[in-house]
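> Starting off with a structure, shown below.
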Amino acid sequence: MDKLLLVGGSSGIGKSILELLIDKYEVHNLSRSQPDLSHDHLTHHQVDVLEDEIPEIDGINKIIYCPGTINLKPINSLKEEDFLNDFKVNVLGAVRVIKKYVRDLKRNGNGSILLFSTVAVQQGMPFHSSVAVAKAGVEGLTRSLAAELAPQIRVNCIAPSMTNTPLAKGILKDEKAIERIEDRHPLKRIMEAEDIAKMAVFLISEDARTMTGQVIGIDSGLSTLKP
């Protein structure tokens, strides 16, 4: 059984990924809070990947890094600290985790890394400057590492649009807000965490063995189609 490191599996997209993968992989979850799930295949490590020492775990051959931020403000309301914090959570946290386990991934074979971006990198959106800058870094990291680590390790990225998770509850606050956001999408729906999780399961599997360096939009057509 392959051994998967999941960062951020306690809620949102990460939790949905954990629920779909727990029967197929030995999962080590790194997060600040414990997932509301127990399973023989699950080991939880209470860790802040930006501050704490990342644990030694032998045999890792897949990494999914889920942490993200939604920090939507006009540019004049954003401080330098906002840009730095978004970059730390989205990029530097992923870098710390990958550097910790990349030798294992090379050595153990069948290596795969999955990161997360946002539709706002490809499509300019107001009030997204801080998070778009950070997630653009994630996409650059994806492509650079895919080139550097091939052929031993595949590196891919998912770029969702607005997804119904606890992180987005301040935006999806009522039915009118949800309808307004849905109407911006050609398919007239926002994503659920499971929609993203299903693509994550595919991208780390052998079914995607010829895919690397890809940024996959799961966004109801927002990034490529005119509503």
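> Evaluate the relative contact order of the chain (contact order divided by residue number), counting alpha-carbon pairs under 8 angstrom at least 6 apart; express in whole percent. Don't jump to the answer; show the numbers that get you there.
Working: 434 pairs, mean separation 46.0, N = 227.
Relative contact order for the chain comes out at 20 percent.
> Calculate, in nm to one decimal, what Glu80 and Met1 gain on full extension: separation in residues at 0.36 nm each, minus their alpha carbon distance.
Computed gain between Glu80 and Met1 is 24.0 nm.
> In nm, what is the difference between 0.36 nm times the number of residues separating Asp58 and Gln46 and their Cα-Cα distance?
Answer, rounded to one decimal: 2.6 nm.
> Once fully extended, how much extra length lies between Lys226 and Asp36, figured as 0.36 nm per residue of separation less the alpha-carbon to alpha-carbon distance?
Result: 64.5 nm gained on full extension.
> Taking N as the number of residues in the chain, what value does Rg over Cα atoms divided by 2.2 N^0.38 Å take?
0.98
> Can you tell me the Rg and Dmax of segment 156-227, counting just the alpha carbons, in angstroms?
Final numbers for Rg and Dmax: 13.6, 42 Å.
> Residues in segment 166-203 near a label at Leu20, defined as backbone nitrogen under 12 Å from the 7 Å Cα→Cβ point?
Those under the cut-off are 192-203.
Readers should treat all values here as calculations from the given coordinates under stated rules, not as data from a laboratory. Keep in mind that what you see is a predicted model, and the values were worked out from it rather than measured. Counting neighbours? That spans all protein chains shown, and the Cβs are built from the backbone with ideal geometry, glycine included.
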